[in-house]
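See below for the structure under consideration.
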Amino acid sequence: MTRCPITTLARKELFTLFNSPATYVVCVVFLVTSGWLFAVPLFQVGQSSLDTFLRPLPLLFALLIPALTMRSFSGEFKDGTIEYLATLPIKDYEIVLGKYLGAMGWLSVIMLFTLAYPVIIQIIGRPDIGQIIGSYAAVFGLSAFFCAIGLWASALTRNQVVAFILSVVICLFLLLAGFNPVTDLLTRWASPALVDTVAAFSVVTHFDGFQRGVIDTRDLAFFLSVIGFALFATGVILRGHRAG
């Protein structure tokens with residue numbers, strides 16, 4: 001393990017996910033829901049696009065990814081296996097990155113099944129290949145975003161259910177912050193500057209830009225900043241557990 005601890009821990013995390021019944025439930029729910037969203041316009045009007053699949057994706061990820069990550073650290077704390085990791089010559093950041101890459105590996109496997117959607121669109125129409133590539137790059141960034149938050153929430157508690165609820169709450173806040181009903185409500189008692197600040201934390205705003213194939217450095221900085229903060233905070237919490 002000392003030769004390549006991150007890769008080894010990532011494989012271990014991926015193996016754990018593959019052997020968890022809850023993981024397959026999440027996979028089936030996601031694929032059935034996304035397939036239905038894509039297929040309904042296809043059968044109703046004879047045409048479809050990736051938009052029908054991509055637009056609800058932030059909400060799907062905000063609900064399903066926490067179910068994948070809730071056990072990552074809370075299970076280790078509850079079972080006491082974190083004490084075993086503490087005896088190994090592994091740095092905290094290596095443990096965090098190993099679990100993070102393992103969860104991202106499983107999400108990548110799930111997304112492979114959705115490649116059937118652009119293939120179908122290619123058969124029935126003439127889509128913009130560049131936009132399709134950009135859309136899937138946006139999906140990868142979105143999954144990395146919510147996965148980092150899920151790991152952070154999992155490190156905050158020993159209870160998996162609490163970790164799931166906490167992760168969903170944080171993800172939904174970052175999802176709904178920029179919606180018009182939320183901003184309209186804030187404008188009643190908050191200053192415009194505060195409303196704009198809250199809206200800037202909405203992942204939908206930044207996701208839409210990437211989805212259209214527009215790469216804005218501000219959107220990229222947002223995703224990287226939140227991911228970096230969540231993983232760093234997870235490492236700090238893990239260090240405290242190992243030291244204790």
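Here are the numbers:
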| read-out | value |
| --- | --- |
| Tabulated pairs, segment 131-154, first of a type outside the set (A, V, I, L, M), second outside any helix (DSSP H, G or I), C-beta under 6 angstrom, 6+ apart or interchain | 131/213; 134/213; 135/50; 154/70; 154/72; 154/73 |
| Among (1) surrounded by fewer than 17 Cβ atoms within 10 Å (Cβ to Cβ); (2) of a type in the set (Gly, Ala, Ser); (3) at pLDDT 85 or above - the single one residue 86 does not satisfy | (3) |
| Only one of 218, 158 that is at pLDDT 85 or above, more than 17 Å from the chain's Cα centre (by Cα), basic (Lys, Arg) and closer than 28 Å to residue 98 by Cα | 158 |
| Residues (in contact (Cβ under 8 Å) with a residue 40 or more places away in the chain and assigned to a helix (DSSP H, G or I)) located in segment 107-127 | 107, 110, 113, 117, 118, 120, 121, 124 |
| Residue among 102, 134, 130, 141 that alone is assigned to a helix (DSSP H, G or I), more than 18 Å from residue 78 (Cβ to Cβ) and touching an Asp or Glu at 6+ places or on another chain (Cβ under 7 Å) | 102 |
| Any hit, segment 46-59, residues being part of a helix (DSSP H, G or I) and either more than 23 Å from the chain's Cα centre (by Cα) or modelled with pLDDT of 90 or more (or both) | no |
| Residues satisfying the stated conditions in segment 73-91, i.e. part of a helix (DSSP H, G or I) and over 21 Å from the mean Cα position of the chain (by Cα) | 77, 78, 79, 82, 83, 84, 85, 86 |
| Selected residue [within 16 Å of residue 202 (Cβ to Cβ) and surrounded by fewer than 22 Cβ atoms within 10 Å (Cβ to Cβ)] from 134, 141 | 141 |
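The values are calculated or read from the model by the stated rules, or taken from the named source; none is laboratory data. Here the structure is a predicted model, which means the values were calculated and not measured. When we count neighbours, we look across all protein chains shown, and the Cβ atoms used for this are built from the backbone with ideal geometry, even at glycine.
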